[in-house]
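The values are calculated or read from the model by the stated rules, or taken from the named source; none is laboratory data. Quick caveat, the model's predicted, so the values are computed rather than measured. Positions of Cβ are backbone-derived with ideal geometry, glycine not excepted, and every protein chain shown enters the neighbour counts.
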């Protein structure tokens, strides 16, 4: 996550000058409207024609309307309700074998044509510095199509009052259960994206995402100690139905913890979090050493994100992100060898832009490629990367894998992470049975602190809840746990993965990459998995 | 047009204030032109210019607040945005933490603008890329870098007669230079308001030198080491620590500056007596706007004086609640130092580790501000006052509070911009004892 973007998004107690960077502030009713598809097609055709007239050999046009609503509360009060809208057009062309891009917030025909001409002019100007002309993987135009996130209830259409009441009910439940403080937030995003290209595609998409993070703090005034427990929800590619809890979507876990699959009980989780935050104040500190870790999907998603999703992005492998996010240990020679052991033979990691309810699920990516699923690591061996149209030839692919995304009409689309997930185990296994075989282990639930080096070798992860496992039994809550890994060794230490019945997805709402930085949202699924002999450190310190 | 003159900005803001029928009205007008060029693999990958101007209007009826923004400034649009804000305010719940608009403030202009920076052209940006790539290619090295420049203005006004206007510029340059075989990596960063103080040709030499010297790094055992931290290496840690300097958080008991039994640690000796940090919008070379996001006038504010916590940030709401004076949110952080350079600190070191920069810093435990992160792009072993050889990168788990109690020596502060920090910083190179590295990284 981009810390700065999160601070902007929540307002973090700041005043008017730090408005969200995502567009103009509007009333809630604006969030439920759409632009006519026929108008978008006319504008797109205007831009495509202007680009071709200017000498472009390829052009794509994205007309985007990005709508967001944030509701920020603490304890018994609403701190902020912000609605934003950002609408405009981005035109990308290839001229003289070079990319050019221009964007405009003005959707008049003149302005759209001007942006196309500007993009061509930039491409021609930059072509002087081009070393290799752009090679685009073949794709066939798909004609006029549409795709929408399958939602039951558009969160933007739910009255703000109803949403505020839900957050305040969660806050009240936490306070009643002994919390000292609670912060709860509801993020809702609707991307209305229209894509058209000289390949003959006209794609209208309506994408929805929702996230309801809570953070509960317990304080022991006498000792000055404080501990927080974050909610166990996931950001999802869903509508408001995610916040209508269903019994069949609940998973029982150690310590009275409840996990959630496709709906979230925010009131219940806030109350449990309050109890557990207090329990954390008294939990014994971990003894550092090697442990067998049992990692819950609500935790493991972040480890997958950092240690698999990012290093297998082809632009990082090639060096395009060297100055910012970094490069990758998973170099092309390792992939070409066809025997690089990324993980144990139990480990299959796949990229998937189709996964239902996931943040990355779309019908087509931001260069009009129909989305799909493919393996990155198969039975432990590195077999593929994540690529887009102008990279596919580098890894011998005939077509793009559909990983192109821009966070705004005004940003250039580039390669972003697909949903990357750990395939469930093929043998029948549930977490309770997995624990029975662990002699000296730690069960970790929820995502915590995270940090990884610029080639994605050395990582450190915390969590929300840590339970000691002794001789096959979960014994007690412990604290101050973080584990340190070297990526290939960690995945090679994976000795068991629970079956499909335990599969759940987590995800990141604000994954940052690129300069200027862009955010994207991506999910990672897994079943509970076991990793043997992992180095655990104790993070308790004294300030004297 | 995205850069308005003071007169133009005032005319728009005056109209907005006059249009509002609410109990009070605050309006901000800001515009910017941001240019950038990005390169990797010794070739330009993207470049662009984004222009933007935005008007924000905040009105209140009693404790009900509404905010609306717009990017058109004709009379009809101004009437529309005011009406929209008023409509939202009428629908909003009462904000129990509502604070009335600030009184008229006395803003003292600061030097945040450079004509030279505002005049940067696409050709200049391309030249910076060429000046980075050229010498790298010649030396069989690979450059990846980013230059971002901006010019803008910020104007603020309210119905109590407050008004401020100021122009700003900024240039931020970073470049990573790697050896072709990927065994060495160096980095350079420069952040200035005035592009006169920036010369890509000379800056790139720093990254080239580090890339070449960092090849074939040896592995040292993780543990506690004396470290010489270049200014960029500690900027992220110091900046992270500042999140705890909020009075409300501390009083609520959830900051490392909370006191056992309640209250905060203002007046307590928390750091080595050589640590002094303050904020000052007029600081030469690190000037920032003379007001914060609430429009409160910034003035020089001691934060840590000789190791004692002198001030926490009191928001207007919390200040009223605690009957204390409110403080503006600082825009910069100035850490006081001496005259020595990083290499002077190396010369006085018997055994230690020289760190170019730290990366991916995240909070592990807010109770102690325990942070984790890694060294990157130039980490070297120092012995008997000399840089001996490159070493593999380390992961650290360290608290800046402990770090600033383990000071051996402080050098001369330089301006540092950190991509994850909201502050312009003046940070000295520091020699620190017992800095905790917990594992090795194979990353180059």
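Among the residues of the stretch B:66-88, none qualifies, meaning not one is over 26 Å from residue A:88 (Cβ atoms), modelled with pLDDT of 90 or more, under 25 Å from the mean Cα position of the chain (by Cα) and part of a helix (DSSP H, G or I).
Residue check: is residue A:368 at negative phi, buried (at least 24 other Cβ atoms within 10 Å of the Cβ) and in the same structural domain as residue A:306 (by TED's automatic domain parsing)?
Values: at negative phi: no; buried (at least 24 other Cβ atoms within 10 Å of the Cβ): yes; in the same structural domain as residue A:306 (by TED's automatic domain parsing): yes.
The answer is no for residue A:368.
Does residue B:207 satisfy the condition of being surrounded by 23 or more Cβ atoms within 10 Å (Cβ to Cβ), away from chain A (no Cβ under 13 Å), assigned to a helix (DSSP H, G or I) and in contact with a strand residue (DSSP E or B) (Cβ under 9 Å, 6 or more places away or on another chain)? When the stated conditions are applied, residue B:207 does not pass them. Within the stretch B:369-390, if we keep just the residues that are assigned to a loop (DSSP other than H, G, I, E, B) and touching a helix residue (DSSP H, G or I) at 6+ places or on another chain (Cβ under 7 Å), the residue that is nearest to residue B:211 (Cα to Cα) turns out to be B:385.
Each row is one residue, and each column tells you yes or no for (1) in a loop (DSSP other than H, G, I, E, B); (2) in contact (Cβ under 8 Å) with a residue 60 or more places away in the chain.
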| site | (1), (2) |
| --- | --- |
| A:110 | no, no |
| A:124 | no, yes |
| A:132 | yes, no |
| A:135 | yes, yes |
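For the stretch A:108-120, what are the residues that are out of contact with any strand residue (DSSP E or B) (no Cβ under 6 Å at 6 or more places or on another chain) and either within 14 Å of chain B (Cβ to nearest Cβ) or within 17 Å of residue B:49 (Cβ to Cβ) (or both)?
Just the residues of the stretch A:108-120 that are out of contact with any strand residue (DSSP E or B) (no Cβ under 6 Å at 6 or more places or on another chain), to begin with: A:108-110, A:113-114, A:117.
Residues satisfying the conditions are A:108, A:114, A:117.
Scan the stretch B:65-72 and give yes if some residue there is more than 10 Å from every other protein chain (Cβ to nearest Cβ), in contact with a helix residue (DSSP H, G or I) (Cβ under 8 Å, 6 or more places away or on another chain) and buried (at least 23 other Cβ atoms within 10 Å of the Cβ), otherwise no. For the stretch B:65-72, residues more than 10 Å from every other protein chain (Cβ to nearest Cβ), in contact with a helix residue (DSSP H, G or I) (Cβ under 8 Å, 6 or more places away or on another chain) and buried (at least 23 other Cβ atoms within 10 Å of the Cβ): absent.
Note on the stretch A:63-79: residues that are more than 24 Å from the chain's Cα centre (by Cα), more than 9 Å from chain B (Cβ to nearest Cβ) and part of a strand (DSSP E or B) amount to 1.
Residues of the stretch B:419-435 that are within 14 Å of chain A (Cβ to nearest Cβ), assigned to a strand (DSSP E or B) and surrounded by 20 or more Cβ atoms within 10 Å (Cβ to Cβ): B:435 alone.
When residue B:261 is tested against the conditions (1) under 21 Å from the mean Cα position of the chain (by Cα); (2) surrounded by fewer than 20 Cβ atoms within 10 Å (Cβ to Cβ), the lone failure is (1).
Do we have residue A:377 as assigned to a strand (DSSP E or B) and either within 26 Å of the chain's Cα centre (by Cα) or within 14 Å of chain B (Cβ to nearest Cβ) (or both) here? Yes: the conditions hold for residue A:377. Applying the criterion of at least 3 residues that are without any contact (Cβ under 8 Å) to a residue 60 or more places away in the chain and outside the structural domain of residue A:347 (by TED's automatic domain parsing) to the strands (runs of 3 or more DSSP E) found wholly in the stretch A:221-336 leaves A:225-230. When the stretch B:225-239 is filtered for residues that are within 11 Å of another protein chain (Cβ to nearest Cβ) and either without any contact (Cβ under 8 Å) to a residue 60 or more places away in the chain or surrounded by fewer than 22 Cβ atoms within 10 Å (Cβ to Cβ) (or both), only B:239 remains.
When residue B:416 is tested against (1) away from chain A (no Cβ under 12 Å); (2) modelled with pLDDT under 95; (3) outside any strand (DSSP E or B), exactly one condition is not met: (3).
I need a count of the residues in the stretch B:401-413 that are within 14 Å of chain A (Cβ to nearest Cβ) and in contact with a strand residue (DSSP E or B) (Cβ under 7 Å, 6 or more places away or on another chain). Even if it seems obvious, please write down each step before you answer.
Going residue by residue through the stretch B:401-413, those that are within 14 Å of chain A (Cβ to nearest Cβ) are B:401-406.
Still in the running and in contact with a strand residue (DSSP E or B) (Cβ under 7 Å, 6 or more places away or on another chain): B:403, B:406.
Result for the stretch B:401-413: 2.
Taking the numbered list (1) more than 13 Å from chain B (Cβ to nearest Cβ); (2) in a strand (DSSP E or B); (3) free of Cβ contacts under 8 Å to residues at least 12 places away in the same chain in turn, residue A:420 passes all entries but (3).
Answer yes or no as to whether residue A:480 is buried (at least 22 other Cβ atoms within 10 Å of the Cβ) and on the phi > 0 side of the Ramachandran plot. Before the answer, list the steps.
Values: buried (at least 22 other Cβ atoms within 10 Å of the Cβ): yes; on the phi > 0 side of the Ramachandran plot: yes.
Yes, satisfied.
Going through the stretch B:211-241 one residue at a time, which ones are over 26 Å from the mean Cα position of the chain (by Cα), modelled with pLDDT of 95 or more and not in a helix (DSSP H, G or I)? Listed by number, the residues that qualify are B:214, B:215, B:217, B:218, B:219, B:220, B:221, B:222, B:223, B:224, B:225, B:226.
Within the stretch A:521-533, track down each residue that is surrounded by 21 or more Cβ atoms within 10 Å (Cβ to Cβ) and either part of a strand (DSSP E or B) or within 12 Å of chain B (Cβ to nearest Cβ) (or both).
Once the filter is applied, which keeps residues that are surrounded by 21 or more Cβ atoms within 10 Å (Cβ to Cβ) and either part of a strand (DSSP E or B) or within 12 Å of chain B (Cβ to nearest Cβ) (or both), the stretch A:521-533 yields A:521, A:522, A:523, A:524, A:525, A:526, A:529, A:530, A:531.
A Cβ distance below 9 Å, combined with a sequence gap of six or more or placement on separate chains, defines the contacts here; from the stretch A:24-39, residues that are farther than 12 Å from residue A:69 by Cα and more than 10 Å from chain B (Cβ to nearest Cβ) reach residues that are at pLDDT 80 or above and in a loop (DSSP other than H, G, I, E, B) in the pairs A:35/A:107; A:39/A:107.
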